[in-house]
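> Please see the structure below; I have some questions.
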Amino acid sequence: MQQSDSNKQNLVEGIADNIPKELSIAEKARAAYIKLNQVLIYSDEYVALEFENGHTGNYSQQLAEIYYKQFDIKNMDTNRVVCNNWSQIYKDLLIEVGVDPKNIQIVGGNKVGAHKFVIIELSGGKIILADATNNIGGMTDIANSKLNLDTRGFIITTKDKYNDAYNTVKMSGKPWKWSSVFKILNQNADSSIALKDIDNQIGYESDSVIKEFNDVIDYYSNIPLKNQSTTEEKIEIFKGVLDENMGALEAFTVMRDYGKKLFGENTSVEFFTSSDKIIVVTTIFDSNGNKTYLYKINEAALQVTDDIEPVLKGVLR
């Protein structure tokens, strides 16, 4: 899988300095969006702590510290983020590539846990909505960008269309979700066409990587898991995908969507949380009913075992 070679500690050197100055504002914003998502990981620690908190809305000091953490894009001490962190980092990157700060707005509430994203004003009443941390179409764009999938959280639209979508969701009577606003706006074909043109300009070939991945899966899916060697071959395919700068939560969505295609219909994918850790476990059955387990704890490398119980006891104690 192609990954950004951006310097994760210094995003100015790794990303901003490598975006051509002659690009338009929309092209710079898109390039920064994709490259940033490829080097960041959504914080498994934050999600695990939310589960421990019981999603009560009474956020602990530890959750608040993660949510409000300030980042220096020239000296990053971690690449694990949540929506508030991501929005701040993305805004700082936009300023570095030449976007006027007056045209950048971070949208969302101020309380711990309130979702946030970025709006960029363009000329002629057009705007860009940028939200990489919301699960809009099954995955966040932090994950989509790593897999060269079409994104769902970067939309070129107009203020009027954005306001119409906002009001439609507001008047629906359903619980408020920003993702619902984005889903409405994603139906705008004009935005999709404009995005394809920009992606061609900056060299982001959406779906190219996942197509290669699917081709490999199609080939290997016809080979039954008769013995350990074929199991190991198939596991190596997933290691190449999931070990590259992916957290456990991102790995869960990939395993969920592609595990059964590769390993068979009996394959199961689960995730567990404990304290500040997420562990994703994929159970694979060979033709004799023997089990092999793949597991990933937060952003640690994908591991393989034939006995998952000691691992779970160590994490879930």
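The values are calculated or read from the model by the stated rules, or taken from the named source; none is laboratory data. The structure presented is a predicted model; accordingly, all values stated were derived computationally and were not measured. So basically every Cβ, Gly included, is an ideal-geometry build from the backbone, and we count neighbours across all protein chains shown.
> Looking only at helices (runs of 4 or more DSSP H) that fall completely inside region 24-102, which ones have 3 or more residues that are of a type in the set (V, I, T) and touching a residue at least 40 places away in the same chain (Cβ under 8 Å)? Break it down into steps so the answer makes sense when it comes.
On the way: elements: 25-39, 44-53, 61-68, 83-96.
Result: 25-39.
> Let me ask something additional. For region 242-256, which residues satisfy the criterion of being surrounded by fewer than 23 Cβ atoms within 10 Å (Cβ to Cβ), assigned to a helix (DSSP H, G or I) and modelled with pLDDT under 85?
none
Yes/no matrix, rows are residues, columns are (1) within 18 Å of the chain's Cα centre (by Cα); (2) hydroxyl-bearing (S, T, Y); (3) closer than 22 Å to N200 by Cβ:
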position	(1), (2), (3)
G98	no, no, yes
I104	no, no, no
S145	yes, yes, yes
R152	yes, no, yes
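> Quick one: in region 290-307, which of the residues that are crowded, with 17+ Cβ neighbours inside 10 Å and free of Cβ contacts under 8 Å to residues at least 60 places away in the same chain is farthest from L149 (Cα to Cα)? Spell out how you get there, then give the answer.
In the first step, residues of region 290-307 are kept if they are crowded, with 17+ Cβ neighbours inside 10 Å; the result is 292-299, 302.
Then keep just the ones that are free of Cβ contacts under 8 Å to residues at least 60 places away in the same chain; that gives 293-297.
Values: Y293: 27, L294: 24, Y295: 24, K296: 22, I297: 24 Å.
For region 290-307, the residue satisfying everything is Y293.
> Does region 274-317 hold any residues that are in contact with a strand residue (DSSP E or B) (Cβ under 9 Å, 6 or more places away or on another chain) and among the acidic types (D, E), and which are they?
Those that are in contact with a strand residue (DSSP E or B) (Cβ under 9 Å, 6 or more places away or on another chain) and among the acidic types (D, E): D286, E299, D306, D307.
> So, one more: Could you list all residues from region 269-280 that are surrounded by fewer than 20 Cβ atoms within 10 Å (Cβ to Cβ) and under 11 Å from I308 (Cβ atoms)?
Selection gives E270, F272.
> Considering each of I142, I136, I119, I156 in turn, give the residue that is of a type in the set (A, V, I, L, M, F, W, C) and assigned to a loop (DSSP other than H, G, I, E, B).
Working: I142 fails: assigned to a loop (DSSP other than H, G, I, E, B); I119 fails: assigned to a loop (DSSP other than H, G, I, E, B); I156 fails: assigned to a loop (DSSP other than H, G, I, E, B).
One residue alone meets the criteria, I136.
> Does any residue in region 274-289 that is on the phi > 0 side of the Ramachandran plot come within less than 7 Å, Cβ to Cβ, of a residue that is surrounded by fewer than 22 Cβ atoms within 10 Å (Cβ to Cβ) and modelled with pLDDT under 85 six or more places away or on a different chain, and which pairs are these?
S275/E52
> In addition: Do we have V112 as at pLDDT 95 or above and not charged (D, E, K, R) here?
Values: at pLDDT 95 or above: no; not charged (D, E, K, R): yes.
Answer is no for this residue.
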